[in-house]
Structures are given as C-alpha cells and as structure tokens.
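Below: the structure, in structure tokens.
The values are calculated or read from the model by the stated rules, or taken from the named source; none is laboratory data. Because the structure is a prediction, the values reported are computed rather than measured. Counting neighbours? That spans all protein chains shown, and the Cβs are built from the backbone with ideal geometry, glycine included.
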C-alpha cells in the first residue's frame with residue numbers, strides 16, 4: 001500500500017514535470033514533436049534510469065532512489081528551493097545544503113548567456129552548473145548533465161578528452177581557483193564536498209601538496225581545448241569569468257577562441 005504522503009509527492013512531481021517545457025533544456029532537442037511538457041520517458045532518458053524506475057517515483061513507491069537521481073530531477077525540472085527540499089525529504093534524503101542555496105540567475109543574466117554564440121554557462125560558488133546555453137550543451141554536453149559540476153569534471157579521467165595538455169596547462173590553475181575559493185567561503189558545505197571529491201582523484205593529492213604557493217591565475221591565459229565539431233585539432237581558448245557587482249553567489253563563464261575566425265556551429 002502506498003504511503004499517502006509519498007503518493008501526494010508523486011502527484012506534485014507529475015505536475016512539475018508537466019509544467020516543464022522541453023525547449024528550456026539545452027542539449028535535449030532530439031525530443032521529437034512539439035510537446036510543451038516532458039514525458040516520463042524523457043525524464044528517464046535524461047536521468048539515465050529506466051522509465052519503470054522513474055514511473056515508480058511519481059507513483060510514490062518507497063524505493064531506494066539514489067541522491068544523484070533526486071538531485072537530477074530537481075535540476076531538470078528547475079525546482080524551487082522549497083520544492084527541491086520537499087522532493088529530497090520525501091524520498092529519504094537530506095535537502096542539499098549550500099552556501100548560496102536557492103540562488104538562481106536573474107532573467108537579464110540568463111538572456112545575456114543565451115545570446116552568446118560561444119560556450120557559456122553559469123556556476124554557483126561550488127562550481128555546480130546552474131545554467132548553460134545551447135552552444136555549451138552542444139560542444140560540452142557534460143555541462144548539461146543534471147548534476148554537472150565544472151570542477152569535479154575537470155579533475156575526472158574523462159576531462160582529458162577536452163582539456164588538452166591537462167598536466168601543464170589546466171591542472172594547477174584550476175586547483176588554484178579551487179583552493180582560494182575553499183579559503184574564501186569556509187561555511188559553504190557544498191564547496192567542502194567538492195574539494196573532498198577532487199582531492200580523492202588520482203594524482204591530485206600530490207599536486208595539492210606540491211603547489212601550496214598558489215597565486216591568482218591570469219585570466220587571459222590561453223589554454224587548449226578539443227571541440228570535434230569545430231576543428232580536427234585542439235584550439236586555444238580564453239576562459240573569462242564575470243560576476244555581478246558585489247555578488248559572489250554566481251559566476252558566468254565564457255569560452256572564446258583565440259583565433260577570431262573560429263566559430264561554434
């Protein structure tokens with residue numbers, strides 16, 4: 001017999017799904033037709049689970065849903081902080097605790113990001129990706145993943161496919177950014193979690209110990225990245241970071257090719 005509270009949560013989850021426009025999800029345009037809502041199959045495909053497993057969530061069935069799956073549901077459906085907390089608690093998980101909990105880009109910032117014909121995305125203090133434009137979803141599909149975190153991805157084994165000369169051009173600058181942020185926001189538990197995850201990656205402990213004298217990274221330094229839809233060889237890019245005046249909750253990133261003739265299709 002279904003628990004009444006869990007069943008009610010399932011009803012709310014279905015309503016949230018039906019209200020979500022697939023056109024607002026960068027990188028998901030292979031969805032066919034002109035529907036104005038997401039189906040249960042859409043959700044299952046985006047989450048990497050079976051349709052039956054996702055359907056059980058909306059039915060209110062008491063199963064052991066992974067916290068990553070629940071976080072992915074909240075991200076795909078763009079749930080508010082209160083809705084996200086209800087979904088986590090209703091499935092037996094603690095709601096996410098973040099230093100900038102619930103902070104979202106305003107309409108003006110999102111509009112600027114989506115206007116870019118370059119790879120562009122927005123992160124919070126812990127490098128959790130909160131918004132991406134269509135160009136980023138096409139050329140860096142990992143950014144559009146429901147639980148994408150730019151820093152944990154950058155130090156994962158798969159990052160070497162796109163971040164070329166990783167050991168000499170990317171690792172130390174990124175680690176510098178992470179360490180300085182960790183010191184700057186000591187009360188951000190999500191950032192603490194990201195630091196622990198990164199430090200567990202192969203080779204990072206030695207790199208961390210050997211680069212204690214960190215300094216601010218030059219923002220205009222070009223680094224090679226590989227975009228198979230753009231060029232057969234890696235291209236040098238500038239990674240620029242923008243913030244709103246006196247606002248440390250969100251950061252807007254834009255990747256720009258050094259060669260101005262290179263464009264992202």
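Some observations on this one:
- Selection within the range 186-205 - closer than 17 Å to residue 170 by Cβ, more than 19 Å from the chain's Cα centre (by Cα), part of a loop (DSSP other than H, G, I, E, B) and in contact (Cβ under 8 Å) with a residue 24 or more places away in the chain: 202
- Matching residues, the range 115-138, being assigned to a helix (DSSP H, G or I) and either crowded, with 21+ Cβ neighbours inside 10 Å or in the same structural domain as residue 77 (by TED's automatic domain parsing) (or both): 135, 136
- Candidate set from the range 150-163 (those that are in contact with a helix residue (DSSP H, G or I) (Cβ under 8 Å, 6 or more places away or on another chain) and over 11 Å from residue 127 (Cβ atoms)); member that is surrounded by the most Cβ atoms within 10 Å (Cβ to Cβ): 163
- The numbered conditions (1) farther than 22 Å from residue 45 by Cβ; (2) surrounded by 18 or more Cβ atoms within 10 Å (Cβ to Cβ) are all true for residue 196 except (2).
- Selection over the range 231-255 of residues that are closer than 30 Å to residue 104 by Cβ and surrounded by fewer than 17 Cβ atoms within 10 Å (Cβ to Cβ) gives a count of 10.
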